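Beneath this line is the structure, given in structure tokens, with notes to follow.
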Amino acid sequence: MTNPKNMRTMAFTLENGGAVHAYSNENVTILQIRKSKPTEEDILEPSFKVAVSLTPSEALAIASELLIAASHQLKTSHKQRSLNPIIEENPKL
């Protein structure tokens, strides 16, 4: 698979088997989301590839929302991990 000419390319493989690709240059930012499942593994699960062109403000808004969501999730998981030793030591908590 080739990358668009004269564009910066970042590919992120996801845990669920999908991928997110970001393509950009001084004129455009494109976000592409891919999900594929080989037919021999599951004929009913759909595969897809979709891309959207983003304005700079749209790209920043999406990036900001992703940072906020990830931050909240990390805080929650950190709190849960820090409580686990207390719960294990004192099962009444």
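Numbers at a glance
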quantity: Any chance LYS37 is modelled with pLDDT under 95 and touching an Asp or Glu at 6+ places or on another chain (Cβ under 7 Å); calculated: yes
quantity: First in segment 20-44 and under 29 Å from GLU58 (Cβ atoms) and assigned by TED's automatic domain parsing to the domain that holds MET10, second anywhere and part of a loop (DSSP other than H, G, I, E, B) and of a type in the set (A, V, I, L, M, F, W, C), Cβ under 6 Å, 6 or more apart; calculated: TYR23/MET7; ASN25/MET7
quantity: Total residues in segment 1-19, condition surrounded by 13 or more Cβ atoms within 10 Å (Cβ to Cβ), hydrophobic (A, V, I, L, M, F, W, C) and touching a residue at least 12 places away in the same chain (Cβ under 8 Å); calculated: 2
quantity: Counted residues, segment 45-69 - those being over 14 Å from the mean Cα position of the chain (by Cα), exposed (fewer than 12 other Cβ atoms within 10 Å of the Cβ), at pLDDT 95 or above and over 14 Å from HIS21 (Cβ atoms); calculated: 3
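The values are calculated or read from the model by the stated rules, or taken from the named source; none is laboratory data. Note that this is a predicted model, so its numbers are computed, not measured. Backbone-built Cβ (ideal geometry, glycine too); neighbour counts: all protein chains shown.
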